[in-house]
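Data first, discussion second: the structure below is written as structure tokens.
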Amino acid sequence: MNSIVFSRSYWGADQFIILGLFLILFVIEKKFIISPKVRFLLTSLLSISLTVYLFGPNLKAQWWLIDDHEVFYFLKSKTNQNSWSDLFDILLNQTEVGKFGNSSRYRVSYYFLRISESLLWKDKATLWYLFRLSISSLFIFSILGLLSKFFSFSLSFLFTMYVFTVRYWSDIFSRMATGELYTVWGVALIILALSKYRFGTDKKNPIWVYLCISFGVMISAGSKENFLILILLPIFILFFERHKSGIWFQRIVLIFPILFSIFEVISLLLFHSKNKTDIYGNSTSFADRSAVLLGAVKSEYVMIPLGLLIVLCSLRLSASNRIKIRDLKKILLPAVFVLVVLLNIIFYNGNWPINTRYDFPGLILFQSAVFLILALTLSEIFKIFKFGVSKRNVAVQLILILYVSSIFSVQGLTNLQRDSRANMKRTISFTASVKKVSSLPKDEMLILYAYQAYDYEPIDSFSRYLNYYDSEISKMILVTDQEAESEFKNGLLRSLRIISKEGSAEMKVLPYDEKSIRGKSCTVIIFPPAALENAPDIRGCRNLRKELVVY
């Protein structure tokens, strides 16, 4: 199977070692009782250890050209940084939050948290990545805590490690500016709350459970549009607890994320009522999305868990001739997971998964759905063969350890660490390039060359870095004479040509003028995929240097 998740089709030495190790741990766990205190400490230690192994090299990373420049845009300049009193001014005037109903995206939580981080961590990259590692540790801790309520601790940790064998996690934790990072944080809070939520009882839940659910939904739904479905969680809990008394404060806490999500949905509906394309430029017409839906249903990421659900229901019917309400409750969670996977495929217009941050939460829900359905199916099979509850649980977990070991990829874990090291090296190199250029003599003329349409973002980003460091170098933009192959790209080139001709006060870029260049020392900056030989020869410069800024 050519799949991102099922990447192994044979048993190698790694699989046998993993299987043997976790079978031994499972036996040890059955022999000794682990106290709640020891379990908490063990969960914390493993969560931090796995995070440090996978993403620890990022603590030495610096800044990158794409997206990270927004931090410096929010901070303004190194010698005159914005303060906390500027937070809402930045939020409303420098982001989409101030464009209610007039923006294809409306991510209040994302920008509130990003600006807050900018004001808190400032330009200290280590603190930024330390916070990201903290979110990773919390997420792992939450998964382990929830799974170990229903499965052995050894199986829970094995599955948690398996979740992190997929490479898209690098695109979340080895970068600074992704909405998915905050959604992971929000989901972790929700999982923590649900692991302590008292289902099927009239007892009151702790206040912190409702607060975690509320903040978790607002953080996730307000950071990425495909997480708006989480609005159903507080609605469900309010319905589930409708007969409970003395929980008015808890209800108010749960109403906040509902109102917050509705506010975001209204903004998106207002915009898309006037514009028939989504945030990625894809058509939002009913006919086009219906075609995507038909293709999504055929995806292996939907068909596999659906097929397993059919097998599970068939087994249940063969055992009792009917499916009871309690049986439906058991399959509700994996069924919801499959539905969310389907919605994610539609959200990304059928182009999913792609081994990037966009695979979250779809892939982890697919992994979880298959795991849970297999557990329920195995339990049904052993019921048919009259296994007792204790023997049935042991048999199910042993087979699940065998299953997860068979598809476990140690290479997947090492790939994440390798990506962290690569991020460390590329960011150190880029930050050095910025500081080198910003330290050039102030009488130097800096020319940012747009070799192709997609140089728009690198040029904008690089100029913002220089402005933050209060570089006094005069900057101009020169754009290629070539036309691009699409209207979208030509639009980018036209925008760059306007800035080149008229200059930009915001970017602190002068109008391009060959007369003002004459007799000056010039440095031309060019970005990949162009090479140094693609940089233009500027006439009239006393000295001409060419710099390739790799990112």
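The values are calculated or read from the model by the stated rules, or taken from the named source; none is laboratory data. On a predicted model such as this, the values are computed, not experimentally measured, just so you know. Cβ placement follows ideal geometry from the backbone for every residue including glycine, while neighbour counts extend to all protein chains displayed.
Mind checking which residues of segment 1-43 are under 18 Å from residue 413 (Cβ atoms), at pLDDT 95 or above and surrounded by 15 or more Cβ atoms within 10 Å (Cβ to Cβ)?
Scanning segment 1-43 gives 18, 19, 22, 25.
Among residues belonging to segment 439-461 that are within 30 Å of the chain's Cα centre (by Cα) and charged (D, E, K, R), point out the one that is nearest to residue 482 (Cα to Cα).
Result: 455.
Tell me, yes or no, whether segment 318-325 has at least one residue that is over 24 Å from residue 385 (Cα atoms) and among the charged types (D, E, K, R).
For segment 318-325, residues over 24 Å from residue 385 (Cα atoms) and among the charged types (D, E, K, R): absent.
Need at least 2 residues that are more than 30 Å from residue 146 (Cβ to Cβ) per element, so show me which helices (runs of 4 or more DSSP H) inside segment 203-298 make the cut, counting only ones lying wholly within it.
248-272, 286-297
Only residues in segment 215-231 that are more than 10 Å from residue 261 (Cβ to Cβ) count as the first member; pair them with residues that are among the β-branched types (Val, Ile, Thr) and assigned to a loop (DSSP other than H, G, I, E, B), Cβ under 8 angstrom, at least 6 apart or cross-chain, and list the lot.
Listed pairs, sorted by first residue: 225/279.
Yes/no matrix, rows are residues, columns are (1) closer than 19 Å to residue 279 by Cβ; (2) in the same structural domain as residue 469 (by TED's automatic domain parsing); (3) at pLDDT below 95; (4) in a loop (DSSP other than H, G, I, E, B):
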position	(1), (2), (3), (4)
78	no, no, yes, yes
85	no, no, no, no
91	no, no, no, no
109	yes, no, no, no
115	no, no, no, no
118	no, no, no, no
132	no, no, no, no
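Could you list all residues from segment 521-540 that are at pLDDT 95 or above and either over 23 Å from residue 456 (Cα atoms) or of a type in the set (Phe, Trp, Tyr) (or both)?
Scanning segment 521-540 gives 521, 527.
Somewhere in segment 422-435, is a residue touching a Ser or Thr at 6+ places or on another chain (Cβ under 7 Å), under 19 Å from residue 512 (Cβ atoms) and either exposed (fewer than 15 other Cβ atoms within 10 Å of the Cβ) or not assigned by TED's automatic domain parsing to the domain that holds residue 80 (or both)?
no
Of all the residues that make up segment 436-467, how many are more than 16 Å from residue 509 (Cβ to Cβ), crowded, with 18+ Cβ neighbours inside 10 Å and free of Cβ contacts under 8 Å to residues at least 60 places away in the same chain?
1
With respect to residue 472, is the statement that it is in a loop (DSSP other than H, G, I, E, B) and among the acidic types (Asp, Glu) true?
yes
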